[in-house]
Amino acid sequence: MKIGVIGCGYVGLVTGVCFAEAGNKVVVMDIDAAKVAKLSEGIPTFYELGVDAYLRRNLKDGRLSFTTRIEDVAAHGTLIFLCVGTPPKNDGEAELRHLFSAVEDLARHLQGYKIIVTKSTVPVGTNEEIRKRVAALTDEPFDVASNPEFLREGRAIQDFNVPDRVVFGVDNPAVGELLRELYLPFTTKNQPILITDLKTAEMIKYAANAMLATKISFINEIANICDLVGADIDLVRQGIGSDERIGFAFLHAGSGYGGSCFPKDVPALSFLARKNAYQPRLLEAVHEVNKSQKLITFRHLNKVYDGDLKGKKIGIWGLSFKKGTSDVREAASIPTIAALLEAGAQVSAHDPEAMDAMRLEFPEHVNYCESPYDACQGADALLLLSDWRVYGSPDFDELAAAMRTPLIIDGKNLFCPRTARRHGFTYYGVGRPQPA
């Protein structure tokens, strides 16, 4: 099939390269000329495992191209996927200005029948608004559909190729059948395809992210209580995760969730509820717990040093919001570094992929290091904020020799506490008891 994609950010690029890898001819459009130029040369604009290989191969084979002209997308095939960002406003409402601008620009250039498919995460009712705006600007025939994405950063290629489920929101059954045909290469293991109305598809995406965010905030709340009473969150997790009604997924205590989805989608769903005269107390609590949890390592550190961090040198391992991505949006590292600098500490940091992105947040006052051990030279503490595999089995003897004070505060519960303590470290995790 011939497919157009509007927006070559995270969702747009993954969507484009995966559809091209399946044999479709794909044109991806973005208004950012510099980004389009890099992608046209086969250079990814962010780190995501597998994207670089898919990008280069499909450019070379002629199935994938990039453009800044929306006319090129409008003239290319029947299916056009909207992958435009919907960031949060200050009150949590999803910002749809850029999405609607793209839709209206597209409408002015439509040629023949098109199916406009929304992959962007949008509030319930947005696709109906898209229909109204397009109809006001063109006499060309078109349909609107919703196809929410369920991609995990760090595993997006795998998630696209082997999805848990595929959701289509349509009001024309023929559109649902065409989309089903498009996704046949990705559903060879009999993954369920759920075809709903537009509003239900929009709500499925928000409900899924809210549920996962709730599990994360729940286990972090339990971990914080474990810290206070001396219980072990690792054993608590085993005890509750073994219950098939609960399960282990997303029950990992740590420094909270970040990235491009949960931090914006939970407030957006809360805003939608309030707009409809419903007070979403659980969703608001999930968001507040997570906001506080991002500073858990700083609070441990501050307590160890009795509130006096001035002049202390702090090493940080991990800047991205999780392993496998260069994305630092809503990462725990941002408020943690801000709090450290405000307290007068010196910060040295390492991340395998996210240091360039973090330089945009902190261009000064942070020493970015090429080696994890360089970040700990003379350090009074090491904070672990992302669970990259490269950090999983450190040379504790080398680490101890590099640091001035052998103190580890593990915001991801990545290290074995006994191993760290055996090598002379004072070790704090999240919800892990201290030795008697």
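Annotations
- Residue that is surrounded by the fewest Cβ atoms within 10 Å (Cβ to Cβ) [pool: residues in the stretch 33-64 that are within 21 Å of the chain's Cα centre (by Cα) and acidic (Asp, Glu)]: Asp52
- Cβ separations smaller than 9 Å between residues 6+ apart or across chains give the following pairs from the stretch 73-100 residues that are under 23 Å from Val14 (Cβ atoms) to residues that are surrounded by fewer than 19 Cβ atoms within 10 Å (Cβ to Cβ) and hydroxyl-bearing (Ser, Thr, Tyr): Val73/Thr67; Thr78/Tyr113; Val84/Ser101.
- Residue match in the stretch 376-383 (condition: closer than 21 Å to Asp234 by Cβ, touching a helix residue (DSSP H, G or I) at 6+ places or on another chain (Cβ under 7 Å) and crowded, with 21+ Cβ neighbours inside 10 Å): yes
- Subset of the stretch 335-358 (residues that are within 26 Å of Pro267 (Cβ to Cβ) and within 15 Å of the chain's Cα centre (by Cα)): Ala354, Ala357
To keep it simple, each residue is scored yes or no on (1) under 14 Å from Leu82 (Cβ atoms); (2) acidic (Asp, Glu); (3) without any contact (Cβ under 8 Å) to a residue 40 or more places away in the chain.
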| residue | (1), (2), (3) |
| --- | --- |
| Gly12 | yes, no, no |
| Gly16 | yes, no, no |
| Ala20 | no, no, no |
| Val36 | no, no, yes |
| Leu39 | no, no, yes |
| Ile43 | no, no, yes |
| Glu48 | no, yes, no |
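- Out of Ala285, Ala253, Ala249, one residue alone is surrounded by fewer than 16 Cβ atoms within 10 Å (Cβ to Cβ), at negative phi, part of a loop (DSSP other than H, G, I, E, B) and touching a residue at least 12 places away in the same chain (Cβ under 8 Å). It is Ala249.
- Within the stretch 226-246, considering residues that are on the phi < 0 side of the Ramachandran plot and touching a residue at least 24 places away in the same chain (Cβ under 8 Å), the one surrounded by the most Cβ atoms within 10 Å (Cβ to Cβ): Ile233
- Scanning the stretch 384-397 for residues that are assigned to a helix (DSSP H, G or I) and surrounded by fewer than 13 Cβ atoms within 10 Å (Cβ to Cβ) returns Arg389, Asp397.
- Restricting the stretch 117-147 to residues that are under 17 Å from Leu13 (Cα atoms) and not polar (S, T, N, Q), the residue that is surrounded by the most Cβ atoms within 10 Å (Cβ to Cβ) is Val117.
- The listed residue being of a type in the set (Phe, Trp, Tyr), surrounded by fewer than 21 Cβ atoms within 10 Å (Cβ to Cβ), within 18 Å of the chain's Cα centre (by Cα) and under 30 Å from Glu48 (Cβ atoms), out of Phe160, Phe150: Phe150
- Residue list for the stretch 335-347, restricted to those being in contact (Cβ under 8 Å) with a residue 40 or more places away in the chain and in a loop (DSSP other than H, G, I, E, B): Ala343
- Residue in the stretch 128-144 that is among the polar types (S, T, N, Q), in the same structural domain as Thr15 (by TED's automatic domain parsing) and under 29 Å from the mean Cα position of the chain (by Cα) present: no
- The requirement of being within 30 Å of Val11 (Cβ to Cβ), free of Cβ contacts under 8 Å to residues at least 24 places away in the same chain and not assigned by TED's automatic domain parsing to the domain that holds Gly125 is fulfilled nowhere in the stretch 314-334; no residue meets it.
- Among the residues of the stretch 289-296, at least one is under 21 Å from Lys205 (Cα atoms) and in a helix (DSSP H, G or I).
The values are calculated or read from the model by the stated rules, or taken from the named source; none is laboratory data. Here the structure is a predicted model, which is why all the values come from computation and not from measurement. All Cβ positions, even for glycine, are placed from backbone atoms using ideal geometry, and neighbour counts span all protein chains on display.
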